[in-house]
Structure formats: C-alpha cells, structure tokens
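What follows is a short report on a single structure.
The values are calculated or read from the model by the stated rules, or taken from the named source; none is laboratory data. Everything quoted here is computed from the prediction, not taken from an experiment. Cβ atoms come from the backbone with ideal geometry, glycine included; neighbour counts cover every protein chain shown. Heads up: the accessible areas ignore ligands, DNA and RNA and are worked out on the full protein's heavy atoms, side chains in. Shrake-Rupley method; radii C 1.70, N 1.55, O 1.52, S 1.80 Å.
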Amino acid sequence: ARMSPATELAYRIGAAARRQASWVQLCKFGLVGGSGYLINLAVFALLAGSLDVHHAIAAVGAFCVAVTNNFILNRRWTFGPGEDPAHFQAARFFAVSLASLGLNLAVLELLISSNLAGDLASQAIAVAVAMPFNFLGNKLWTFA
C-alpha cells in the first residue's frame, strides 16, 4: 500500500536523521544560515536604522540579499549541485525562502506590534524561528 504524504515525509525525515551525512549537512546549513543571518541583520540595520526604511520593507530587502548569498553557498557547499539544473533549484529555494519569509514577517510584526522587543531584536528572533522550516524545505525538496 502507498504511504500518505505525511507518513512518507515522516519516514524521510527519520531516515535522514539516522545518516551522519545529514548531520554534516545540517552543520553546514547552519553555518551558511549564520552568514545569511548576519547579512540579513546588517542589511536590515542599514535600511531600517540608518536609512529609516519601514521595518517590513527593510526585512524584505534584507531577505533578498541574504537569500541570494544562502542559495549560492548551499548549492556549492552544503548540498552540492545535485541532479537538477541551477535555475530549478533556485526557483525551489526561493519558494521555500518566501514561505520562511512569510513566517519571519508574521513573527516580526507580532513582536514589534506587541512591544516585546525592538526592531533589530525582533528581526533576530523572527529569522531564528523560521530557520528549521527553511532547512527541512531545502533538504527535502530543493536539493533532494
């Protein structure tokens, strides 16, 4: 019998978790993500702080710069080029990243509108919240 999509996804995640190579990829993804995180925060600080751009627009600008950095590094170093052409992977990476950006913007807006943290701290938290979704989407779909 054929597995349901949810069961198949759970099986794939479990199988990947048992392979050492998956943990190496996770560490590399974390390092690439860390560089993207710093780039994201630096661009956000420049736009929102120095240039007084609205926080949501600054977050989108920061996302664009960071996602470009992350795609290039993840394709070349973390996951390798794989079988699919770069433009297919880039489209998938961008789709996963857009979904992560949606989650990032929702958390950012919640934190800022609730006065729980300042702009930069809220962005730092929001990016961190979106990271696990981003890794799984890219490991299981973009670079599968």
Once the Cβ-Cβ distance between residue 110 and residue 50 is put in as r, and R0 is 35 Å, what FRET efficiency do you end up with, to the nearest 0.05? 0.90
Other-chain or far-sequence residues with amide H under 5 Å of residue 53's (modelled H): 48
The convex hull of the Cα atoms of the range 1-53, divided by residue count, gives a volume in Å³ per residue of 93
Phi angles of the range 122-134, converted by Karplus (6.51 cos²θ - 1.76 cosθ + 1.60, θ = phi - 60°) into ³J(HN,Hα) in whole Hz with x for Gly and Pro, give 4, 5, 4, 5, 4, 5, 5, 5, 7, 4, x, 4, 4
If the range 54-105 were replaced by its equivalent ellipsoid, with semi-axes equal to the square roots of 5 times the Cα gyration tensor eigenvalues, what would those be, largest first, whole Å? 23, 11, 8
Semi-axes of the equivalent ellipsoid for the chain, Cα gyration tensor, largest first, Å: 29, 17, 13
Sequence of 31, 105 when ordered by accessible area, the most exposed leading, probe 1.4 angstrom: 31, 105
Estimated distance in nm for a label pair at residue 57 and residue 10, the labels positioned 7 Å out from Cα along Cα-to-Cβ: 4.6
Under the 7 Å Cα-to-Cβ spin-label approximation, residue 88 and residue 24 lie apart by a distance in nanometres of 2.5
Whole number in Å², please: accessible area per residue of the chain, 1.4 Å probe, ligands, DNA and RNA not counted. 57
Could you work out how much longer the chain between residue 121 and residue 3 gets when fully extended? Use 0.36 nm per residue separation minus the Cα distance between them, nm to one decimal. 38.3 nm
Tell me the label-point distance for the pair residue 38, residue 64, using the 7 Å Cα-to-Cβ offset, in nm and rounded to one decimal. 2.4
